[in-house]
Every structure is written in structure tokens, then in C-alpha cells.
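Computed from the coordinates by the stated procedures, all read-outs in this text should not be read as laboratory data. No experiment lies behind these values; they were computed from the predicted model shown. Backbone-built Cβ (ideal geometry, glycine too); neighbour counts: all protein chains shown.
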């Protein structure tokens, strides 16, 4: 597993009612929601990293900072691109950008951490067993 700086991955979608700011409660306007744009950026980063990981490994998001610079209406295509900019042991840093059919709508930075999936889930689920 050798992560390569400069590797990019793109995910594509369409703005629907379900991913509008009004639907998710981040505004009362029917435009692409900032949290959904950031989730799309995270998805691109997760899939970018996944191609380098051994079986049983995954990544989890640990930070994201992004601007959302332009509104996108329902029905318009959107895409997010994540590019690996740094690797420090199990931490992977990305530049992330989002676009609609008219141009860039957001940009930022995102970091993910490589974990073993099963132990990570076991630790999270152990919270349900506390007294």
C-alpha cells in the first residue's frame, strides 16, 4: 500500500430535492446543501484512498474545511474531486473541489485517517454497552 501524492478521484451526482439545503435543514432554500457538497467531497476522498488500501482497512474523515461559493439549483449535475496532497503515516490530506455545470462551487481541504475497519467498529459499538 503506497499512497501516491497527486492521485485524484471524482464522484458525480445531480442536485435533487433530498440533497437541498431546505430538505436537510441547513437553509430554507431549495439549492444544493453545503453539508451535501461536503459529503460528496468526502466520498471522493474516501474512494481515492480506498484504491490503495489492503483488505480490512478503510479511512475515516477527521477534518474538513470548505467554502461554498455558488448556489446550484435542483436538476443540475454536480461533481466533486479529491486529490491527495500529503501522507503522514496513517493520515492522508486532500485538496477537495466541487463543481456544477457552470463552474467551481466550492473548495477546501480534507484529512482522513487509515484504520482497521473491524476493530474501529468494535470500539464504536462498545459505547452501546456502557453502564
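So here's what we get for this one:
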read-out: Value of [θ]222 nm, deg cm²/dmol, for the chain, DSSP H segments ≥ 4, -39500 (n - 2.57) each, nearest 500; value: -7000 deg cm²/dmol
read-out: Mean projected area (nm²) of the alpha-carbon convex hull when the chain is viewed from all directions; value: 9.4
read-out: Whole-Å semi-axes of segment 57-131's equivalent ellipsoid (Cα gyration tensor); value: 32, 17, 10
read-out: Hypothetical label at residue 23: residues of segment 40-61 whose amide nitrogen lies under 19 Å (7 Å Cα-Cβ projection); value: 40-44
read-out: Residues 20, 58, sorted so that the one with the fewest Cβ neighbours within 10 Å comes first; value: 58, 20
read-out: Nearest 10 degrees, 0 to 90: helix 34-50 Cα axis against the chain principal axis; value: 40
read-out: For segment 8-129: relative contact order, % (alpha-carbon pairs under 8 angstrom, 6 or more apart); value: 28
read-out: Between helix 117-126 and the chain: long-axis angle, C-alpha atoms, 0 to 90°, nearest 10; value: 90
